[in-house]
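Accompanying notes for the structure given below.
The values are calculated or read from the model by the stated rules, or taken from the named source; none is laboratory data. All values derive from a computational prediction rather than experimental measurement. Cβ: placed from backbone, ideal geometry, glycine included. Neighbour counts: every protein chain shown.
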Amino acid sequence: MHTGSCLCGEIRYEIRGDLGPAFFCHCSRCRKASGSAFASNVVVAETDFAITRGEHLLGTFRSSEETVRCFCTRCGSPIMSRRGNLGQVRVRMGTLDSTVTKGPGAHIFVASKAPWYEIHDAVPAFDERPTV
Ligand SMILES: [Zn+2]
Ligand SMILES: [Zn+2]
């Protein structure tokens, strides 16, 4: 099991299962939403994800037709997003409190990456979302 929380600590969540694939997303929306060069997201089954505290503070923003982003309305931390009806949430790995040693396995939407950031690792990079 994994646990996480927002910056102010009012929102807490549990992941009652395994972490799925994780990726560094360089798309312009993730850059805006994170305020950084990329977002670090891990896919988790929706049925394994539970907000255990502060659910009333969870705000939502539909950033595209298919994507809803959820964040703490008190401190602004991005928590996770939902894309379509995939039965998955994409948890923002920076909010995890439990120790996770395995990092993301791909850079995605590299075609949209910030020009001021250079990727200096051997993690596979994809111009858009890999279709596999
Ligand atoms: Zn918060
Ligand atoms: Zn993105």
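What to note about this one:
- Residues in region 48-70 that are under 13 Å from R29 (Cβ atoms) and in contact with a strand residue (DSSP E or B) (Cβ under 7 Å, 6 or more places away or on another chain): F61, R62, S63, E66, T67, V68, R69.
- Test: residue in region 62-75 that is modelled with pLDDT of 95 or more, charged (D, E, K, R) and over 14 Å from the mean Cα position of the chain (by Cα): yes
- So E118, is it at pLDDT 95 or above, in a loop (DSSP other than H, G, I, E, B) and either among the charged types (D, E, K, R) or within 12 Å of ligand 1 (Cβ to nearest atom) (or both): yes
- Answer residue from region 19-41, given it is surrounded by 23 or more Cβ atoms within 10 Å (Cβ to Cβ) and in contact (Cβ under 8 Å) with a residue 60 or more places away in the chain and is nearest to D97 (Cα to Cα) among those: N41
- Some residue of region 115-122 being crowded, with 18+ Cβ neighbours inside 10 Å and either within 21 Å of M1 (Cα to Cα) or hydroxyl-bearing (S, T, Y) (or both): no
- Where strands (runs of 3 or more DSSP E) sit wholly within region 1-86, those with at least 3 residues that are within 16 Å of ligand 2 (Cβ to nearest atom) occupy 22-25, 39-45, 67-72, 78-83.
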